[in-house]
Structures are given as structure tokens and as C-alpha cells.
1. Would you mind finding the one in 133, 92, 59, 101 that is modelled with pLDDT of 95 or more and either assigned to a loop (DSSP other than H, G, I, E, B) or out of contact with any strand residue (DSSP E or B) (no Cβ under 7 Å at 6 or more places or on another chain) (or both)?
2. Any chance segment 181-189 includes a residue that's closer than 23 Å to residue 38 by Cα, buried (at least 18 other Cβ atoms within 10 Å of the Cβ), touching a helix residue (DSSP H, G or I) at 6+ places or on another chain (Cβ under 8 Å) and without any contact (Cβ under 8 Å) to a residue 40 or more places away in the chain?
3. So for segment 74-88 (the condition being within 16 Å of residue 186 (Cα to Cα), in contact with a strand residue (DSSP E or B) (Cβ under 8 Å, 6 or more places away or on another chain) and surrounded by 15 or more Cβ atoms within 10 Å (Cβ to Cβ)), does at least one residue qualify?
4. Considering only segment 4-24, how many residues are assigned to a loop (DSSP other than H, G, I, E, B) and under 25 Å from residue 83 (Cα atoms)?
5. Do you know which residues across segment 136-154 are under 13 Å from the mean Cα position of the chain (by Cα) and either surrounded by fewer than 19 Cβ atoms within 10 Å (Cβ to Cβ) or closer than 18 Å to residue 76 by Cα (or both)?
6. Can you pull out every residue in segment 190-206 that is buried (at least 17 other Cβ atoms within 10 Å of the Cβ) and either assigned to a helix (DSSP H, G or I) or at pLDDT below 95 (or both)?
7. Does segment 25-32 contain at least one residue that is in contact (Cβ under 8 Å) with a residue 24 or more places away in the chain, within 19 Å of the chain's Cα centre (by Cα) and part of a loop (DSSP other than H, G, I, E, B)?
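The values are calculated or read from the model by the stated rules, or taken from the named source; none is laboratory data. As the structure is a prediction and not an experimental result, all values here were calculated from the model. Cβ sites come from the backbone with ideal geometry, for glycine too, and all protein chains shown count toward neighbours.
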């Protein structure tokens, strides 16, 4: 299974050109991906630099026929003309998506600039069983807000694992049971560097049987430092550094065969990360 995660900055490259098709074209040069997790997708947000009224959620879905598109909207506001402006994350899965969930992350009062953030989750039927695919984009300006959002992610993950341990009673129509699994992959622009204590908290053990989340870069690459995923060209917000991650529960981390960050592309201000998971039988310990 090949997964790519990418903060696409509403498909705006460092050249200032907004072109969603470049995003898909470049992702395809990286791999024949099965899952594409995108952050900073926009619809009708004409006030974003270089953007127009395009519904990028619909456009990306149309560019990948055969994929299921699951959008998670963080910002949903009036455009002043009777329409809506929307901004958030998108999961595109070649695998059947049995259930989709959207978790609004905590949005505490803060004097720094900030906006609502969301964790979008798709329970996909992969070759090695159901997996909760999750992607998010966390607050940049406020470490306090980012820390509360980490707690929101941990709670969403804990509840997902708990639903596997205690399946709900079956019922008709909206009460029909859906797949439950503790196995999960979390991707996204976390807006924190590897030394940030909130990253350690995101991966901390749970008090119950919930499996923790493991950073796949050191899991696969060992002591090799993660490459920069942001600020390579535009250093307005700091020096180049790793802000984007792929985490997974230990069972899936054991399947991670390779992880690559494309530090060369400039069709976004962030760099895409590709992870390949082994779909063969799980290895015995």
C-alpha cells in the first residue's frame, strides 16, 4: 500500500501559480499511490493568494476516478454572495471506505491568529484489513491551541480503538454496524518540529489498551534525521524544518517498508511524504 501526505497550500506553488492538477501529476510521479492525504484544500476561497472560486475538493475527486474522496472542512464561512467558502483536509482512497468521520478539534480562545481545525477519518478496507486513515492540519501560531488539538486527536484515536474492543449492538438503517479497528495511520501538517513536546505527547502511551502512535520516519530510517518538509524556499516563519509526519499504530509501523520525502518539488510550500506498507502476511515477533 502506497500512501502520500501533502500540505498543498491550496495548490499554490512557490512560483505563485495555483494549479491543482500539478499536485496530482507530481504525486503520480512519486508513486502509483493508493491513498492521498491532502491538507489546505480550498473551495470558493478567492481571497487566498492566487486562488479563484474553484471547488478543489470536487476537482481532486474528479481527477482521481475510482477513488473515494472524504473531505474534512475546518473553515466554513459565508462568502457574502449567498455561497460558502470552505477550507480543510481531504483523503482520497483507492480502497473502499466503509465509514467516514469528521472530528472538530478543540478551538480554545487565543489572542494569536487561529482558525478551526479538523481531523478527518476514513475507515478503509485495505489488503491487510480495515485501517482508520486520518489526516489533519494543526495550529501554527499558538502552541497552547496545538496542544489542545493533540488531546483531541488522542481522544478520537482512543475512542476508535475502544469501539473495536466493545462493538455496538447491531440495528437497522443508521444503526447498522460498521467496521471497527484499532489500526490507524495519522498524517498531516502538525506545525511542530521533532523536538516539540506536543509531538511526544501525541505519541505517548495510553492508560488503557489503545495502541500508541509511532513516528514512521525513525521507525524506518533509524537515526537519520527527518528532512525539512517546510520553509525550504520561503523562510518567513523560520528556518527549514520537519513539520509534516506520518504516524501509525505499531502493527502498521511494522509493515512500513520505506518512507521518502520529496525535498525537490516546488509546487507547494510543503514537501510530500510517501510511505509504502508491506501488504503481505504480518511478520511474527
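1. It is 59.
2. No, that holds for no residue.
3. yes
4. Final tally of qualifying residues: 3.
5. Result: 136, 137, 138.
6. 198, 199, 202
7. The answer is yes; a qualifying residue exists.
A quick yes/no check of all residues on (1) in a loop (DSSP other than H, G, I, E, B); (2) in contact with a helix residue (DSSP H, G or I) (Cβ under 9 Å, 6 or more places away or on another chain); (3) in contact (Cβ under 8 Å) with a residue 40 or more places away in the chain:
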site: 208; (1), (2), (3): yes, yes, yes
site: 218; (1), (2), (3): no, no, no
site: 236; (1), (2), (3): yes, no, no
site: 245; (1), (2), (3): no, yes, yes
site: 259; (1), (2), (3): no, yes, yes
site: 263; (1), (2), (3): yes, no, no
site: 268; (1), (2), (3): yes, yes, yes
site: 279; (1), (2), (3): yes, no, yes
